[in-house]
Every structure is written in structure tokens, then in C-alpha cells.
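Every read-out reported here was derived from the displayed coordinates using simple, explicitly stated rules and does not represent laboratory data. On a predicted model such as this, the values are computed, not experimentally measured, just so you know. Cβ placement follows ideal geometry from the backbone for every residue including glycine, while neighbour counts extend to all protein chains displayed.
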Amino acid sequence: MEGKRTSVPARLAYGIIVDTQVIRTAPERFIYSGIGDMVSKITALYDWQFEAAAGYTKVNDFAVMIAKKAVNSFVRTPFQSITEELFLRELLDSLAMSGIANEIAGSSAPTSGSEHLISHALDKLLEQPQLHGIQVGIATYLMALVQEHRYVRVNTIFTDTGFWDYVAALGMKKEDFRRAIDLAPSIKPHRHTYLHEEQYRETAKRLLEEDEILRRVLR
């Protein structure tokens, strides 16, 4: 819309057909984008539970179970290369399962939290945003630090897959992420993620400067 990425309502697919040979031979940035989006379920689920604990919503335990199973199955998959058949199948299966979790929940809450709000804010702020999953992946690691929840696991999968090395070559700016953090709550004002509270926005901005990994991959 007006040259910017936007989200629109859609029906649940009747089925999904994927040619893994096409995926395997595609530019690796697209696989990295899928990895970033898949790992984001870790922080999204924690945001949803945080939101429920604060009295803003109710959690659907079945949707949580599906989304959690999807991301755990993926991050525990052994691999030597991100183009291996097993790795790609796990990534695709897990992304599909995440979509089912959303349908069960009746919203995107099981798979989209504060990390997605940062990415959507970047889409608004930047003339040329990076791929959705790349932005989401970086924001996932940042928010896992803020939540103090599974950030070691997030870092391990991003290190082992080469995601961080790819990100470091992009020249993305910490200042853009700072601005996106401040804008994030307005993207979905009806939600109440960690970033909807000022103390956690300030923590996120501080970590942009202090965390060793983020200092390495962002300018």
C-alpha cells in the first residue's frame, strides 16, 4: 500500500504445496528470513502470556501448545547446512503449524508479538526495509533478552545457521531499531506486549547499545 508493506486479512489455506528443490536453490536470504520468522514464536508466545497475565486477553492453551511444538521442533533439528532436506522440511512444517495455531487462537497472537511490532515499525520508518523475517529475527533476539527468556537458544540457532553473519553484512542501524521500538506500541494499540510498557522499551534501547552480539551485527 503506497509502496509500503502491509498486513491484510486472509483465509486459512486449504493446503500448502512446496517444492523444496526450489527453496534449496533460492538465494539464502530467503531461507534466513524464514528462520527469523520461525524463531520469533519464542518471544511471541511469551508476549501473549505476559498480556494475559496483565488481564488484557486470554490465552488459548491449545494454540500455545501447537505454536510451541512448532518452534521447538525446528530449533532442535540437527543440521550441517540450511539447505539440507530435513532442515528445510522442518522449517516449512513448523511455519505451517504456526499458521494453524493462529487459526485456533482466532488471531496472530501465538506467532506475532513485540518482535513483529518492531519489524512493522521498521517497514514504516525505512525507505527500503529488509526482508520481514530478517527484521523479525533480529528483534526476536532483542526481545528475548528483554524478556530474559530463551535468548541463548535464539542466539545458538542464529549463530549455527549463519543468520548473524548475513545480518552483519547488511549494515543495518541501531538508530533505526531505537526509533522502531518507540513506534512499536502504536502499530497495534489494542495489544499489550512487553513493548507497550515504557520500562521494557527503555530496556530494549539500552540492550541495543550494551549487548555484544547486537553491537556486532548492527551499526
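Some values worked out for this structure:
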read-out: Range in the chain, longest, excluding exposed GluC sites (Glu not before Pro) [loop by DSSP; at most 16 other beta-carbon atoms within 10 Å]; value: 3-83
read-out: In the stretch 1-83, the trypsin sites (Lys or Arg not before Pro) that fall in loop regions by DSSP, at most 11 other Cβ within 10 Å; value: 4, 11, 58, 76
read-out: Spatial separation of Cα centroids for the stretch 149-165 and the stretch 171-219, in angstrom; value: 18 Å
read-out: Tail fraction, Cα-Cα pairs, the stretch 20-217, threshold 23 Å, whole percent; value: 39 percent
read-out: Least to most buried among 116, 196, 132 (fewest other Cβ within 10 Å first); value: 132, 196, 116
read-out: For the stretch 31-51 versus the stretch 115-131, the gap between their alpha-carbon centres in whole angstrom; value: 16 Å
read-out: Stokes-Einstein D (µm²/s) once Rh is taken as the Kirkwood radius of the stretch 139-197 over alpha-carbon pairs, at 4 °C in 1.567 mPa s; value: 100 µm²/s
read-out: Ascending count of other beta-carbon atoms within 10 Å, so fewest first, for 118, 187, 100; value: 100, 187, 118
read-out: The chain, dipole about Cα centre (Lys/Arg Cβ +1, Asp/Glu Cβ -1), debye to the nearest 20; value: 200 debye
read-out: Taking the chain and dividing mean pair separation by its residue count, relative contact order in percent (alpha carbons under 8 Å, at least six apart); value: 25 percent
read-out: Residue (of 86, 122, 99) at the positive-pole extreme of the stretch 58-144, dipole from beta-carbon charges; value: 99
